[in-house]
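Working notes, beginning with the structure itself.
Just so it is clear, none of the values below were taken in a lab; they were calculated from the coordinates. Quick caveat, the model's predicted, so the values are computed rather than measured. With ideal geometry, Cβ positions are generated from the backbone for all residues, glycine too; neighbour counts draw on all protein chains shown.
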Amino acid sequence: MLYQAYQAHSDIMVPVRTWAGMAINAFAPINGMSGPGIKNLTAAYELISRAGLTHVRPPFGIETVTVGNEEIPVTEQAAHVTPFGTLLRFTKAIDTPQPRVLLVAPLSGHFATLLRNT
C-alpha cells in the first residue's frame with residue numbers, strides 16, 4: 001500500500017511541479033528589480049518545481065577489479081527488484097575464495113552510486 005500511495009502522490013504532484021515551473025518563468029522578467037517578497041515567492045516555486053526525481057541513477061562504473069596482479073572483469077546483476085530499490089550483485093569470475101561484502105547506502109532517498117569510491 002505504501003508504494004501505491006507514493007506513486008499516487010508523485011502522479012498528483014506532476015501538474016503542481018509543472019505549474020510552479022511556469023510561475024518561475026512568469027516572474028523571471030521582474031525578479032531582478034523586485035523586492036524580497038517576489039524573490040521569496042520565486043524561491044518557493046523553484047523548490048516545488050524541483051521536488052520530483054528528475055534524473056536517472058548514474059552507473060556504478062565498476063568494470064574491473066584488481067585481484068593480486070590481475071585485472072578481473074566484474075558483472076553487475078539485479079538480484080532483487082522492487083519499486084523502491086534494486087539489490088545488486090557484483091560478481092567476478094575468480095577461483096580464489098574471498099569474503100562476501102554487503103554494502104548498504106545509508107542515505108535514504110539518495111542513489112547508492114554516491115558510494116562508488118567506497
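For the range 36-81, just say rounded, prolate or oblate: build the C-alpha gyration tensor, square-root its eigenvalues into a ≥ b ≥ c, call rounded for a/c under 1.5, and beyond that prolate if a/b exceeds b/c, oblate if not. It comes out prolate by the Cα gyration axes. Of the peptides 75-88, 35-48, the order by per-residue mean of other Cβ atoms within 10 Å, starting with the highest, comes out as 35-48, 75-88.
Residues within the reach of a label modelled at residue 91 (point 7 angstrom out along Cα to beta-carbon, backbone nitrogen below 18 Å), restricted to the range 60-74, are 62-65, 72-74. Put simply, the amide H of residue 88, placed in the peptide plane, has neighbours under 5 Å in 79, leaving out anything fewer than 5 places away on its chain. Protection proxy ranking, highest mean first, for peptides 60-73, 89-102: 60-73, 89-102, where packing is the per-residue count of other beta-carbon atoms within 10 Å, averaged.
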